[in-house]
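Quick one: this structure, given as structure tokens, is what I'll be asking you about.
The values are calculated or read from the model by the stated rules, or taken from the named source; none is laboratory data. This one's a predicted model, so the numbers in the text were calculated from it and none came from an experiment. Neighbour counts are summed over all protein chains in view; Cβ atoms, including those assigned to glycine, are modelled from backbone coordinates with ideal geometry. When the accessible area is computed, the model is the full protein with side chains, heavy atoms only, and any ligands, DNA or RNA have been set aside. Shrake-Rupley method; radii C 1.70, N 1.55, O 1.52, S 1.80 Å.
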Amino acid sequence: MSEPALDRRQAVAALLKDRGDLLVVSGLGSPSYDLHAAGDHDANYYLWGAMGAAALIGLGLAQAQPERMVLVVTGDGEQLMGLGGLATIAVAKPGNLVTVVIDNGHFGETGMQKSHTGRGIELAEIAKACGIEAGLVRNLGEIEAIRKTLRRKAAGPRLYVVKVRPENVARSLPARDAVHLKNRFRGHLGLPVN
């Protein structure tokens with residue numbers, strides 16, 4: 001397998017170009033930094049302490065907001081921790097949920113140890129086995145093709161694994177105040193804020 005050429009920040013920024021009213025949940029660590037670097041937004045929900053839960057939080061949001069499209073941006077380490085969530089998502093069949101796994105083949109938050117995906121496990125194949133439409137993304141043209149579908153519901157959930165270079169990039173830190181983030185997101189949805 002050739003070394004992936006995608007830069008994670010460039011990939012996430014390209015994915016979110018002209019995002020419209022897309023609701024975005026980001027996983028712990030680098031995916032949240034990547035989302036913030038692409039542009040802070042009231043419709044961004046950054047997770048700070050829910051390792052393995054990003055895709056399932058996205059599922060809950062997709063079910064609660066069926067008229068809105070929901071994008072989850074998570075990492076390979078987090079999605080590996082939440083493999084059982086893929087089966088739950090497949091059974092729920094939300095057509096308004098897209099999960100994008102930023103896969104560098106390493107556990108970036110704990111020292112860049114090689115992850116299971118760095119040892120050959122393919123999350124897209126696991127998702128397909130659960131019944132989720134899934135694929136690998138290795139270039140910006142494929143990112144652009146996904147971006148064009150983010151505002152359209154599908155027959156069921158979709159998952160894309162974006163292969164990126166294994167590198168630590170500078171952190172772009174969003175607010176860490178969970179109450180602030182919750183209230184900002186709820187306000188964006190037109191829900192009561194407390």
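One residue is enough: does segment 83-92 have a residue meeting the conditions touching a Lys or Arg at 6+ places or on another chain (Cβ under 8 Å) and open to solvent by 10 Å² or more (accessible area, probe 1.4 Å)? Walk me through it before giving the result.
Within segment 83-92, the first condition is being touching a Lys or Arg at 6+ places or on another chain (Cβ under 8 Å), and the residues that meet it are none.
There is no residue in segment 83-92 that is touching a Lys or Arg at 6+ places or on another chain (Cβ under 8 Å) and open to solvent by 10 Å² or more (accessible area, probe 1.4 Å).
Need the failing condition index for Asp76 against (1) of a type in the set (D, E, K, R); (2) at pLDDT 95 or above; (3) within 15 Å of the chain's Cα centre (by Cα), just the number.
(2)
Among the residues of segment 108-160, which ones are loosely packed, with under 14 Cβ neighbours inside 10 Å, touching a residue at least 60 places away in the same chain (Cβ under 8 Å) and acidic (Asp, Glu)?
Result: Glu144, single match.
Just name the residue that is nearest to Leu83 (Cα to Cα) out of those in segment 29-70 that are assigned to a helix (DSSP H, G or I) and open to solvent by 50 Å² or more (accessible area, probe 1.4 Å).
Taking segment 29-70 as the starting set, the residues that turn out to be assigned to a helix (DSSP H, G or I) are 30-38, 54-64.
Subset that is open to solvent by 50 Å² or more (accessible area, probe 1.4 Å): 37, 56-57, 63-64.
Details: Ala37: 27, Leu56: 10, Ile57: 14, Gln63: 19, Ala64: 22 Å.
Within segment 29-70, the match that is nearest to Leu83 (Cα to Cα) is Leu56.
Still on this structure, I have one more. Would it be correct to say that Val164 is open to solvent by less than 40 Å² (accessible area, probe 1.4 Å), touching a residue at least 60 places away in the same chain (Cβ under 8 Å) and over 17 Å from Arg8 (Cα atoms)? If you could, list the steps in order and put the result at the bottom.
Details: open to solvent by less than 40 Å² (accessible area, probe 1.4 Å): yes; touching a residue at least 60 places away in the same chain (Cβ under 8 Å): yes; over 17 Å from Arg8 (Cα atoms): no.
So Val164 does not fit the description; no.
Sticking with this one: What number of residues within segment 72-107 are in contact with a Cys (Cβ under 7 Å, 6 or more places away or on another chain) and free of Cβ contacts under 8 Å to residues at least 60 places away in the same chain?
Number of matching residues: 1.
What's the number of the condition Glu142 fails, among (1) farther than 30 Å from Gly187 by Cα; (2) assigned to a strand (DSSP E or B)?
(2)
The conditions are (1) within 23 Å of Pro94 (Cα to Cα); (2) out of contact with any Asp or Glu (no Cβ under 8 Å at 6 or more places or on another chain), and Ala175 fails exactly one of them. Which is it?
Ala175 satisfies every listed condition except (1).
Is one or more of the residues making up segment 168-182 more than 17 Å from the chain's Cα centre (by Cα), of a type in the set (A, V, I, L, M, F, W, C), closer than 23 Å to Ala55 by Cβ and in a helix (DSSP H, G or I)?
The answer is yes, given that some residue of segment 168-182 is more than 17 Å from the chain's Cα centre (by Cα), of a type in the set (A, V, I, L, M, F, W, C), closer than 23 Å to Ala55 by Cβ and in a helix (DSSP H, G or I).
When both residues are 6+ apart or on different chains and their Cβ atoms are under 6 Å apart, which pairs have a first residue that lies in segment 49-71 and is on the phi > 0 side of the Ramachandran plot, and a second that is in a helix (DSSP H, G or I) and crowded, with 16+ Cβ neighbours inside 10 Å?
Taking only residues 6 or more apart or on different chains, the pairs are Gly52/Glu78; Gly52/Met81.
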